[in-house]
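For reference, the structure is listed below as structure tokens.
The values are calculated or read from the model by the stated rules, or taken from the named source; none is laboratory data. Quick caveat, the model's predicted, so the values are computed rather than measured. Cβ: placed from backbone, ideal geometry, glycine included. Neighbour counts: every protein chain shown. The area values use the complete protein model at the heavy-atom level, side chains included, leaving out ligands, DNA and RNA. Shrake-Rupley method; radii C 1.70, N 1.55, O 1.52, S 1.80 Å.
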Amino acid sequence: QSLGPVPLAAALGNHDRALGSETLARVFGPPYYSFDLANSHFVILDTEQPGAVGRIEGKQWEWLVHDLQQARGAQFRFVVLHQPLFPVATYRGKALDRYPLLRDRLHLLFVQEKVHCVFQGHEHLYDRQERDGVNYVITGGGGAPLYAEERQGGFHHYLRVDVTAKAYTVAVKRLD
């Protein structure tokens, strides 16, 4: 069953900041937000906030805690952000793991609030891992130069996420 048009939900990355905060706000709206679609709750976070790059803290953290608590009734909870919590290649030590205490606090919140899947970018490759019941997917193979060998996730791809009343699936679709 089709849900009709799906809104564009942009999780801005480090290269997008070159446009400037005012332009980004005018084109994409607030830098972090959430919405509900059918039985799912989606949270879009900003890992590139001026003065807090690579950290979810302050007002954004407080908002996130409250938002996830309010979304406890959703069948599925998904989070989208740019920098990965647990990078696997080029950005080890240079993404959200640069601040391990804040990264771990974020991961524990996802566990506590039963976030099902976290979609991340920044690393130009594909990786999927599960930690404490939370699925973490790095999907950075949309067209930019790749950062890994093919066997390590270095292939161009996109994800197809299907959600039903009882389950969700994430399928990796290779561009070749």
Top of Leu37, Leu68, Leu96 by mean-square fluctuation, Gaussian network on the chain, Cα under 10 Å: Leu37
Hey, any idea what Rg/Rh is for region 1-116, computing Rh the Kirkwood way over Cα pairs? 0.97
Ranked from the most accessible area to the least, with a 1.4 Å probe and all protein chains present, what is the order of Tyr32, Tyr136? Tyr32, Tyr136
Calculate for the chain the 222 nm mean residue ellipticity that helices alone would give, adding -39,500 (n - 2.57) per DSSP H run of length 4 or more and normalising by residue count, nearest 500 deg cm²/dmol. -6000 deg cm²/dmol
Using the Cα atoms as the points, what is the convex hull volume per residue of region 45-176 in Å³? 105
To the nearest 0.05, what FRET efficiency results for Arg98 and Leu37 with a Förster distance of 41 Å applied to their C-beta separation? 0.80
Among the lysines, which have Cα under 19 Å from the Cα of Lys114 when same-chain residues fewer than 8 positions away are ignored? Lys166
Can you figure out the FRET efficiency of Arg105 with Lys173, using R₀ = 35 Å and their beta-carbon distance, to the nearest 0.05? 0.55
With a cut-off of 12 Å, note down the residues of region 38-76 whose backbone N falls inside the zone around a label point 7 Å from the Cα of Lys114 toward its beta carbon. 71-76
What order do Val170, Val161, Val118 take when sorted by accessible area (1.4 Å probe), most exposed first? Val161, Val170, Val118
So which aspartates and glutamates pass the test for Lys59, namely a Cα distance under 16 Å, with those fewer than 8 places away in the same chain ruled out? Asp46, Glu48, Asp67
